[in-house]
Structure formats: structure tokens, C-alpha cells
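Contents: one structure, followed by commentary.
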Amino acid sequence: MNVTALKRKLDLTPKPAAPVVALPTRRPDRLAPWRKRGVALAGNVLPPLAVLVVLLTIWQVGASGEGSGLPTPVQVWIDSGFLILEPFYVYGTQDIGLGWRVLTSLERVAYGFGLAAVVGVLTGAVIGQSALMMRGFDPIFQILRTVPPLAWLPISLAAFMDSGPSAIFVIFITAIWPVIINTAAGVRAIPQDYRNVAAVLRLNQVEFFWKIMVPAAAPYIFSGLRIGVGLSWLAIVAAEMLTGGVGIGFFIWDAWNSSRLSDIIVALAYIGGTGFILDRLVGWIGRVVSRGTAV
Amino acid sequence: MKYLSIEHLSKTFGSGAKAAHVLSDITLTIGKGEFVSIIGHSGCGKSTLLNLIAGLTDVTRGAITLDGREVNAPGPDRAVVFQNHSLLPWLSVYDNIKLGVSKVFGSTKTRAERHDWIMQNLDLVQMSHAADKRPAEISGGMRQRVGIARALAMEPKVLLLDEPFGALDALTRAHLQDAVMEIHARLGNTMIMITHDVDEAVLLADRIVMMTNGPAATIGEVLSVDLPRPRDRIRLASQPDYVRARESVLRFLYERHRFVEAAE
């Protein structure tokens, strides 16, 4: 019985005899979707703004006493407002806006994290394929991943004898562990069904990697990458504090040495904001790439 | 007329004291274009038998030959329709079929020919309207249709169906059984179908292979179903030959080889 035959049969069924009551149609409200969106936006934006105002007020009150070591928010604005208002000024090779400094640091992160992502996914894919390798490597990774970024720096400086590659290595070694561990877990979780499909199709290793493994493990891989990008942004500040340069991390160290506390506070806001954007960016890419993977 | 032959096949999982003898001494010959159903209680190793033919599991003893060549690895000449469709959820229906078609016909067909071939197979299962949909966007029955199209598109020598309709409701199952019968009539494929549904086995098969209960399950009986094709489920229901065939399968399953759960 095919579909056409089925349709013909359906036509033979008696038509329903119940009276059809027309419902009054309401005029569509053109502004309704916009109003809805506006309400949703306000619902998301207003609470954090309110909390921010409350926190700033507490800070203002707490830090305005005599002999307080920290500047008040108002003082920060007076001292360092120009750092917020002009992120991209250039007055000299060392005197540049925080926007440029963030970009310099982001470039380092791009190298270090990019390397960690590629090496981490490949290593994780290989290790995840074999239960024996997983048993061998996993405990070591679990130990290494808890080593703080700064602890890697002396070893890195000794190995590379140059601050540039050392900083990148520190970012790399900090970010790689969650990528490896999550990718391996994702590869282990690939359903046997997909492996059977690959076997029947006789996919080779490379085809299997691109056509089955990456898409199937994408949600795992991207949650690893998301943790990794956060860690590498943590590591950049630590690394730059010691290796120098024009990055945002070194700026904090420099400001501390010349007692510009207000500048440090502004730099913290920049770092936090950038870290937040990086995290959301990787999360968003992950959602786009792994769309449809989870069924 | 030997096309697929299974000779003294045994399968043991594990070794030593923990060894599980799943299948023992299975011998079966299937001719080209034949439709064979394998029926048995759950846990009797019928899926294992299918996996052995597919090459997804290694043979312990004995041999399987297809068209004169020994089977020892999986390949597109023995395409499988899996029980839970196993479509890749991140690919569209079209791309799911394309994955196999590009692999099998990548060097022998042009891009346009491959496209036509994919659409032709989708037409065969009446799913060309959903070519751009993802598996999550279509119903269970439709997914299984696509699974059949994917397997057929590899132009297999044997189509292996592993309880393909087990998870579907009765009405959808009936539609798909009709679709499979129609495809079998049109293309004359050799098909092996695992099932635990007596009606399905009798309706579709030329021969029904009945398996004894495990451990060390083997073929208990082979029943030829000499009902004329095309078969119509409504007319068959009252035909004495159909009723007799159905009865003998039921007798085998519920009188001589009753499923004893405690045996495991």
C-alpha cells in the first residue's frame, strides 16, 4: 500500500457534520512582539544593573572613611575615567589605551589557546578511542590540570629562555587539560550505533574523525574549550605580570609599582569584561556548531 | 542457488570460565533475491547472528561467504538497517544518505548521478519531501524509512534488517512492512530480517528461520512460506496456508522452545 492508495482511502471517510463556528479574529497588534522583546530585555538587564548600583554604593560608603587604603568608585572615575572613555589612545610606545593592551593580550591568548585547542582535541580524540590509553593517561592529566598557571612559568622560562614564547606556553599548558579531558570523554560517549554506521560504510580514520567523531563529541569538546578559554585568560594576566610587554596583565603590575590603584581597578573591569565576552563567544560557537547533535 | 552461505558458525564471547557460548553450529544457505526472516525469543542471539553476517562481530568458528567471498569485515555490500535507525542527527536526511553514497559511488558516479541516485532512493521510501529535514524533525516511522533508503542506496548484495520496526507502533509498522515488500518486489534484493513478530515474519518472508533459546542457540527449524506474492495482509488473514504457517511458528516458539527467563 503506498501513499496515494492511502489518500484515496482517506477520501472515502464521511465528512464531519458538526457545524463550524467562526471565531472572531482579533486585529494583530504590530507592536506586540517589540513590546514583548523590550520587556524581556529589561528583565535581563535591570536586575544586574540594580545589583551593580547597590554594590558600588556599598563600596563608596565603605571606602570613603579616613585612612581607607582603597579609592572609592567616584575617586576611580576622577583618577582614571579617561582609561574607560578612551580605550584606544596612543601617546607613546608604552603609553597606550587599555583597549590596545587587551588586544595585545588577546593575541597571545589566540596563539596559546588556539594551539591548546588543536593539540587538545587531537590528543583527546586519540586517547578517547582506547580504554587502555584512557586508564593510563587520565590520572596524570587530572594531576597536571590542577597545577596553577604561575607554577609553569619558571619551567617555561627555563625552557624557552624568552618571555614571549614562555607566556604563550603558559597559556597553552593551562588551557589544554580541560580540552583533552572533555574531548576524550566525548569520544568515549559516541554511541556504538554511529561506530557501526562508520564500520558498514568503511570510513577511514580521517573520515571517521571529521564526519562522526567531531560532530558527535561537539558538545563535550566545546564545554572543554569554554573552560579552556576561561583558564587561558586567567593565565595571561599572571604570565604578563612577570614577563612584561604591553599587555593588560603587565599594565596592572606597572600600575601597582607606581601606586595607581584606580588604574588597576579599571583594568580589572576590562579583564572581567573581556573574559566574559570570550566565554560567551566560545559558548555561542559551540551552540552553532553542535546544533542538532543532541537528539 | 547459493548466494550467502553460513557454515557451522559458532560465536563465543570471552574465554575461559567466563566464556558465553551464544551461537553454536549454525548452517544456513540463502539464495539470491530471497527474503529470510530470523525469529526467536529475545536473548537467543539473533542480533548476534546478524552482526556476524554484517561483519560487525568476529566469527569464532565456521565461515560466512557472500557471492563467493568470505565475510570477515563490515562493508557496504551488507548494508544494515539498524533497530534504532542510527541516523546521524547532525546531518539532514539527504546528507545521511549522501554519506554512504559518496563513499560507495564516489569514483564510479558523477556528482549529478549521485544526486539523482540519492533522490531516487528517497522516492523509493516516499521520503523525498523531507530531504532537507533533520532526523529529529521527522517521526520514528519516517526515520526508519530513511534508514532503509540509506541502506538501499549503497546497493548492497544483502540487506540486513535488525528488528527494524520493533520500536514502532502497529499502524506505522504495517505501512513499513508494506513498503519493504514493495521494494523487495521491485528490486529483488536479498534480504535478511531479524524479528520477534510472528505475523511480520510470515507476511514478509520466503523462509522463516526459527532459533532455539540460548545459550548456544542454533537453528531449530526452517519453514518455507509458499504464499503467492504480492501478499495482502487483509486477504492473507483468512487464508489457510497463512494460518497454518503462523500456527507452526507459534507452536515452535511457545510449545517446543518456550522462553524461560530463569535460564540466563
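Since every read-out is calculated from the coordinates, none of them should be taken as a lab result. All of these numbers come straight from a predicted model, not from anything done at the bench. Positions of Cβ are generated from backbone atoms using ideal geometry, with glycine treated the same way; all protein chains shown enter the neighbour counts.
Label-to-label distance, residue B:216 versus residue A:51, with points set 7 angstrom from Cα along the beta-carbon direction: 6.8 nm. Between helix B:170-187 and chain B there is an angle of about 80 degrees, using the helix long axis and the longest principal axis of the Cα atoms. The mean sequence distance of close C-alpha pairs (under 8 Å, at least 6 residues apart), as a share of the length of the range A:227-295, puts its relative contact order at 26 percent.
Taking the centroid of alpha carbons for each part, the range A:48-115 and the range B:168-230 are 73 Å apart.
How would you classify the range A:203-264 from its alpha-carbon gyration tensor, with a ≥ b ≥ c the square roots of the eigenvalues: rounded for a/c under 1.5, else prolate if a/b is greater than b/c, otherwise oblate? Prolate.
Put in line by how crowded their Cβ is, counting other Cβ atoms within 10 Å and starting with the fewest, A:233, B:117 read B:117, A:233. Shown in residue order for the range A:196-213 are the 3J(HN,Hα) couplings computed by the Karplus curve 6.51 cos²θ - 1.76 cosθ + 1.60 at θ = phi - 60°: 5, 4, 4, 5, 5, 6, 6, 5, 7, 4, 5, 4, 4, 4, 6, 8, 10, 5 Hz (x for Gly and Pro). In order along the range B:227-237, phi translates into HN-Hα couplings of 8, x, 9, x, 9, 10, 4, 6, 5, 4, 3 Hz, rounded to whole numbers, per the Karplus curve 6.51 cos²θ - 1.76 cosθ + 1.60 with θ = phi - 60° and x for Gly and Pro. Of all DSSP beta bridges located in chain B, what percent are antiparallel, nearest 5? Of all bridge pairs located within chain B, approximately 55 percent are antiparallel. Under a 5 Å amide H cut-off, with hydrogens placed 1.01 Å from N, residue B:23 pairs with B:11, B:216, B:217 among residues at least 5 apart or on other chains. Label positions at residue A:61 and residue B:238, each projected 7 Å from the Cα along the C-beta direction, are separated by 9.1 nm. Per residue, the average separation of C-alpha pairs within less than 8 Å and at least 6 apart gives chain B a relative contact order of 25 percent. Here the calculated FRET efficiency for residue A:202 and residue A:36, from their Cβ-Cβ distance with R0 = 60 Å, stands at 0.70, rounded to the nearest 0.05.
If R0 is 51 Å, what FRET efficiency do you get for residue A:161 and residue B:229 from their C-beta distance, rounded to 0.05? The value I calculate is 0.05. Over the range B:104-177, all Cα pairs binned in 5 Å intervals from 0 give whole-percent P(r) values of 3, 15, 24, 23, 19, 9, 4, 2, 0, listed from short to long.
At q = 0.18, 0.19 Å⁻¹, what base-10 log of I(q)/I(0) does the Debye formula yield for the range B:123-264 when every alpha carbon is treated as an equal point scatterer in vacuo? Those come out to -1.12, -1.21, one per q.
Computed from the alpha carbon positions, the gyration tensor of the range A:166-295 leads to an equivalent ellipsoid with semi-axes of 41, 15, 9 Å, biggest first. Between the beta carbons of residue A:142 and residue B:109, assuming R0 = 56 Å, the FRET efficiency works out to 0.70 to the nearest 0.05. Put the Cα centre of the range A:225-286 next to the Cα centre of the range B:52-104 and the gap is 52 Å. For the pair residue B:84 and residue A:189, label points projected 7 Å from Cα toward Cβ lie 1.5 nm apart. The HN-Hα couplings worked out from phi for the range B:190-207 by the Karplus form 6.51 cos²θ - 1.76 cosθ + 1.60 (θ = phi - 60°) are 7, 10, 10, 10, 7, 8, 10, 10, 4, 4, 4, 4, 5, 5, 8, 8, 7, 9 Hz, whole numbers, x standing for Gly and Pro.
On a 27 Å Cα-Cα criterion, which of the cross-link pairs A:211/B:157; B:133/B:157; B:2/B:109; B:46/B:133; B:2/B:98 come out too long? Check vs 27 Å cut-off fails for B:133/B:157; B:2/B:109; B:46/B:133; B:2/B:98. Classify chain A: rounded, prolate or oblate, from the alpha-carbon gyration tensor (a ≥ b ≥ c, eigenvalue square roots; a/c under 1.5 rounded; otherwise prolate if a/b is larger than b/c)? Oblate, because a/c is 1.5 or more while a/b does not exceed b/c. Measuring gaps between exposed loop sites in chain A (trypsin sites (Lys or Arg not before Pro); DSSP loop; at most 10 other Cβ atoms within 10 Å), the longest gap, sites not included, is A:31-295.
With a/c under 1.5 counting as rounded, go ahead and sort the range B:32-120 into rounded, prolate or oblate using the C-alpha gyration tensor (a ≥ b ≥ c being the square roots of the eigenvalues; past the cut-off, prolate if a/b is larger than b/c, else oblate). Here the range B:32-120 falls in the prolate category. Between residue B:190 and B:33, B:159, the built amide H atoms are under 5 Å apart, and every one of these is 5 or more places off in sequence or on another chain. Its convex hull of Cα atoms gives chain B a direction-averaged projected area, equal to a quarter of the hull surface, of 15.1 nm². Beta bridges from DSSP with both residues in the protein assembly as shown: antiparallel share about 55 percent, rounded to the nearest 5.
Counting, for every residue in A:195-207, the Cβ atoms of other protein chains within 10 Å of its Cβ and taking the mean gives 6. Shielding value for B:78-89 is 4, the average number of Cβ atoms from other chains within 10 Å of each residue's Cβ.
Here B:161, A:41, B:168, A:268 are placed in order of increasing Cβ neighbour count within 10 Å, fewest first, which gives A:41, A:268, B:168, B:161.
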